[in-house]
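**Student:** Below is one structure. I have some questions about it.
The values are calculated or read from the model by the stated rules, or taken from the named source; none is laboratory data. Predicted model, so just to flag it, every value in this text is computed and none were measured. Cβ sites come from the backbone with ideal geometry, for glycine too, and all protein chains shown count toward neighbours. Each accessible area value is taken on the protein alone, full model and side chains, heavy atoms only, with ligands, DNA and RNA left out. Shrake-Rupley method; radii C 1.70, N 1.55, O 1.52, S 1.80 Å.
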Amino acid sequence: MAQVLVVTSGKGGVGKTTSTAALGAALAHDGEKVVVIDFDVGLRNLDLVMGAERRVVFDLINVIHGVAKLHQALIRDKRLENLCLLPASQTRDKDALTEEGVAAVIAELRTKFDWIICDSPAGIERGATLAMRHADAAIIVTNPEVSSVRDSDRIIGLLDSKTAKAERGERVEKHLLITRYHSSRAARGEMLSIDDVLEILSTPLLGIIPESEEVLRASNIGSPVTLCNALSAPARAYFDAARRLKGDKVPMIVPSDNRGIFNKLFGRKAA
Amino acid sequence: MSLFNLFRRGTAPIARERLQILLAHERVARSQPDLLGILREEILAVISRHVAFEPDKVQIKMDRGKSVSTLEVDIEIPNGVTLTLAKAS
Ligand SMILES: Nc1ncnc2c1ncn2[C@@H]1O[C@H](COP(=O)(O)OP(=O)(O)O)[C@@H](O)[C@H]1O
Ligand SMILES: [Mg+2]
């Protein structure tokens, strides 16, 4: 049965779009049929991170308004044939996204894919609540930093009250994905530790993604980091997280700072 | 936390403690509608029944602590006397 996931956070810039692309590609790489949907109406970016920006013809809003059929708007990934993107529109009209329209699109996608991953916009307004509306499970993307943790807590509250599942008296399954983690800063007590974040949010951990320049490189060339450099530390962490989503038991690896070791060996010359 | 501890343990423990206190309050606030707003309105309504005051001469402060919070309502009434109501919750 299809699983609808929302990748959400409240706060912007924490890594939702990066994570949507990376997890979607990792699941597709493992043979699952995956569609990633950009809900960030007006500020679409998932197309860019996926490297599909020049192939966008129709978008989510066009499908909702009946201007295009769903299959016309879906963009098949060039690297993985079982990975598709449904782009957001660049319209400034936020009301273009309707509740019934989103419900119909999700229902149709459920018949075609194993995983439907919704990339939420930042904030707690309409766009964010519509992105989580039909979710079976949520991936809460959090940076180990006070404002991100606080916003995640608010989002957890919304997941428990504003989703279709919550209104039916069911629970949206929640997974915490800690991203942009600096192991050396955490070790020095400059950044909240994994345990701190887990204790405060009391949500099961899906994965820990280290801060890495590989993520920037991947977005520069328009490739999910899991396809661009599958052996890099962030890609491995995303692959492990994707397997946990499928229910596999994968030991949790707390990223260690390789550069830290390098610095120790070579006398910390690098700034 | 002392300066020495800040150097030794970093600022993360302070972040954790601040978050724990803040979120404890925000979670309660989410489950009940704007308690502070209701208190403010009702207190002002009661007072305005007995004395006339100007709305911009009202100061309301909320201080959230770990185990007690204080709500301080400071109203300047025309004859120059200030009436202070402090309430612990
Ligand atoms: N693990 C990471 N390491 C380094 N940079 C990252 C990481 N995750 C995200 N970023 C960068 O952070 C910025 C915001 O990421 P993005 O995925 O667009 O966040 P959001 O969708 O939550 O706004 C981007 O420039 C992205 O490249
Ligand atoms: Mg984004």
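**Student:** May I ask you to say which residue of A:Asp59, A:Asp77, A:Asp30, A:Asp38 is of a type in the set (Asp, Glu) and closer than 18 Å to A:Met132 by Cα? Walk me through how you get there before you give the answer.
**Tutor:** On the way: A:Asp59 fails: closer than 18 Å to A:Met132 by Cα; A:Asp77 fails: closer than 18 Å to A:Met132 by Cα; A:Asp30 fails: closer than 18 Å to A:Met132 by Cα.
Sole residue among the options that is of a type in the set (Asp, Glu) and closer than 18 Å to A:Met132 by Cα: A:Asp38.
**Student:** Tell me, please, whether a residue that is open to solvent by 80 Å² or more (accessible area, probe 1.4 Å), within 14 Å of chain A (Cβ to nearest Cβ) and modelled with pLDDT of 70 or more can be found in region B:2-15.
**Tutor:** Looking for residues that are open to solvent by 80 Å² or more (accessible area, probe 1.4 Å), within 14 Å of chain A (Cβ to nearest Cβ) and modelled with pLDDT of 70 or more, one finds at least one in region B:2-15, hence yes.
**Student:** Can I ask one more? So is A:Lys165 more than 14 Å from every other protein chain (Cβ to nearest Cβ), of a type in the set (Lys, Arg), in contact (Cβ under 8 Å) with a residue 60 or more places away in the chain and surrounded by fewer than 22 Cβ atoms within 10 Å (Cβ to Cβ) or not?
**Tutor:** Working: more than 14 Å from every other protein chain (Cβ to nearest Cβ): yes; of a type in the set (Lys, Arg): yes; in contact (Cβ under 8 Å) with a residue 60 or more places away in the chain: no; surrounded by fewer than 22 Cβ atoms within 10 Å (Cβ to Cβ): yes.
So A:Lys165 fails the test.
**Student:** Separate question: Does A:Glu81 satisfy the condition of being open to solvent by 80 Å² or more (accessible area, probe 1.4 Å), assigned to a helix (DSSP H, G or I) and of a type in the set (D, E, K, R)?
**Tutor:** Working: open to solvent by 80 Å² or more (accessible area, probe 1.4 Å): yes; assigned to a helix (DSSP H, G or I): no; of a type in the set (D, E, K, R): yes.
For A:Glu81, the condition - open to solvent by 80 Å² or more (accessible area, probe 1.4 Å), assigned to a helix (DSSP H, G or I) and of a type in the set (D, E, K, R) - is not met.
**Student:** Okay, moving on. I'm trying to understand the selection: among the residues of region A:8-46, which are open to solvent by less than 10 Å² (accessible area, probe 1.4 Å), within 13 Å of ligand 2 (Cβ to nearest atom) and in a helix (DSSP H, G or I)?
**Tutor:** Selection gives A:Ser19, A:Thr20, A:Ala21, A:Ala22, A:Leu46.
**Student:** Further question: Just to check your reading of the model, which residue among A:Asp47, A:Asp59 is charged (D, E, K, R) and within 14 Å of ligand 1 (Cβ to nearest atom)? Step through it out loud before you land on a result.
**Tutor:** Details: A:Asp59 fails: within 14 Å of ligand 1 (Cβ to nearest atom).
When all the criteria are applied, what remains is A:Asp47.
**Student:** Give the residues of region A:84-111 that are open to solvent by less than 20 Å² (accessible area, probe 1.4 Å) and over 21 Å from the mean Cα position of the chain (by Cα), sorted by residue number.
**Tutor:** Restricting attention to region A:84-111, the residues satisfying the condition of being open to solvent by less than 20 Å² (accessible area, probe 1.4 Å) are A:84-89, A:96-97, A:101-102, A:105-106, A:109.
Once the filter is applied, which keeps residues that are open to solvent by less than 20 Å² (accessible area, probe 1.4 Å) and over 21 Å from the mean Cα position of the chain (by Cα), region A:84-111 yields A:Ala96, A:Gly101.
**Student:** Which one of the conditions (1) under 15 Å from the mean Cα position of the chain (by Cα); (2) within 16 Å of ligand 2 (Cβ to nearest atom) does A:Leu176 fail to meet, given that it meets all the rest?
**Tutor:** (2)
**Student:** Ok, one more. Do any residues in region A:101-126 that are within 16 Å of ligand 1 (Cβ to nearest atom) have Cβ atoms under 7 Å from those of residues that are acidic (Asp, Glu), where the two are at least six apart or on different chains, and which pairs are they?
**Tutor:** That search, which allows pairs on different chains as well, returns A:Asp119/A:Asp38; A:Asp119/A:Asp40; A:Pro121/A:Asp40.
**Student:** Now for a separate question. Please find, within region A:47-65, the residue that is surrounded by the fewest Cβ atoms within 10 Å (Cβ to Cβ) out of those that are assigned to a helix (DSSP H, G or I) and away from ligand 2 (no atom under 16 Å from the Cβ).
**Tutor:** Residues of region A:47-65 that are assigned to a helix (DSSP H, G or I), as a first pass: A:47-50, A:53-55, A:60-64.
Subset that is away from ligand 2 (no atom under 16 Å from the Cβ): A:54-55, A:61-64.
Values: A:Arg54: 8, A:Arg55: 14, A:Ile61: 21, A:Asn62: 19, A:Val63: 23, A:Ile64: 21.
Out of the qualifying residues, it is A:Arg54.
**Student:** Same structure again: Only helices (runs of 4 or more DSSP H) wholly contained in region A:170-260 count here; list those with 3 or more residues that are buried (at least 19 other Cβ atoms within 10 Å of the Cβ) and more than 14 Å from every other protein chain (Cβ to nearest Cβ).
**Tutor:** Values: elements: A:183-187, A:194-201, A:213-221, A:225-228, A:233-245.
Output list reads A:213-221, A:225-228, A:233-245.
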